[in-house]
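Asker: Below is the structure I would like to discuss, written out as structure tokens.
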Amino acid sequence: APTDSLLSIQVHESVLNNVVSSLELNQGETDLPSLFRNIAERFRRHNYQVPEDVPTDVRLRMAEQDPIHLSCSEDRIHVTLRIARLEGGDHNVFRNFEVRASYQPDIQGLHVRLVRDGYVRIKGLRSIGDQVALRGVFSKVLAQHPQFDLLGNVLVRDTRLHDLRVTQCVVRDGWIGVSIGPGRPVKDRVADLTSEAPRQ
């Protein structure tokens, strides 16, 4: 963390996966809007509105083991959804596949929002046509600009912190590290990999 940091937070990916596991998303079949609302209620977002472009004619059942897995590396948070069964509005059924997407932190003041980096990837289906169809569905599920802030709104609401900002956000080797301090130039927001000692 920068030497002038007033607060530095480190969170391991295992904590995030424990939180996801507590959501119990492998409890039967559901449609996408209901899944979104269920997750929002677990996080006490009572005024949450399901995005209008989320498909309403898709039903799915998440895998029994690790239905959602998060990993942290290369300054990205990688999200993997494991789907046991999905039925589309055209009654096509897809089984046992994975959906993968990566997100980069976007720092704006005291906010650290996640922005999808690249395309959604489908693994486990041989047909190119099936992959294209499901990529269209999950590009809306795993949105490019989700309304999710790693730090929430608590810091922003505290007027005592209005002169501070997130000065660094590092995602590496299973960890997320965030530092808060006085305003710094944009170039100092990410870790300087060249400053690390050579590995033996």
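Asker: Using the per-residue mean of other Cβ atoms lying within 10 Å as a proxy for protection, in what order, highest first, do the peptides 47-53, 162-168, 27-33 fall? Numbers along the way, then the final one.
Answerer: On the way: 47-53: 10.4, 162-168: 17.3, 27-33: 14.3.
Ranked from most to least packed, the peptides come out as 162-168, 27-33, 47-53.
Asker: Still on this structure: Would you kindly give the portion of the calculated P(r) for the range 1-76 that falls above 17 Å, as a percent of all Cα pairs?
Answerer: Values: 1735 of 2850 pairs.
Of all Cα-Cα distances in the range 1-76, 61 percent exceed 17 Å.
Asker: Only helical DSSP H runs with n ≥ 4 go in: add -39500 (n - 2.57) per run for the chain, normalise by residue count and round the 222 nm mean residue ellipticity to 500 deg cm²/dmol.
Answerer: Helices in the chain give a 222 nm mean residue ellipticity of -5500 deg cm²/dmol.
Asker: Ok, one more. Could you work out how far helix 13-22 tilts from the main Cα principal axis of the chain, as a 0 to 90 degree angle to the nearest 10?
Answerer: 40 degrees
Asker: Something else: Which of ARG95, ARG82, ARG42 moves most in a GNM of the chain, Cα contacts under 10 Å?
Answerer: Ranking ARG95, ARG82, ARG42 by mean-square fluctuation puts ARG42 first.
Asker: Provide the solvent-accessible area of HIS46, counting protein heavy atoms only and rolling a 1.4 Å probe, rounded to the nearest 10 Å².
Answerer: The value for HIS46 is about 150 Å².
The values are calculated or read from the model by the stated rules, or taken from the named source; none is laboratory data. Note that this is a predicted model, so its numbers are computed, not measured. Note that we place each Cβ from the backbone using ideal geometry, even for glycine, and neighbour counts take in every protein chain shown. Protein only, heavy atoms only, side chains kept; ligands, DNA and RNA dropped before computing areas. Shrake-Rupley method; radii C 1.70, N 1.55, O 1.52, S 1.80 Å.
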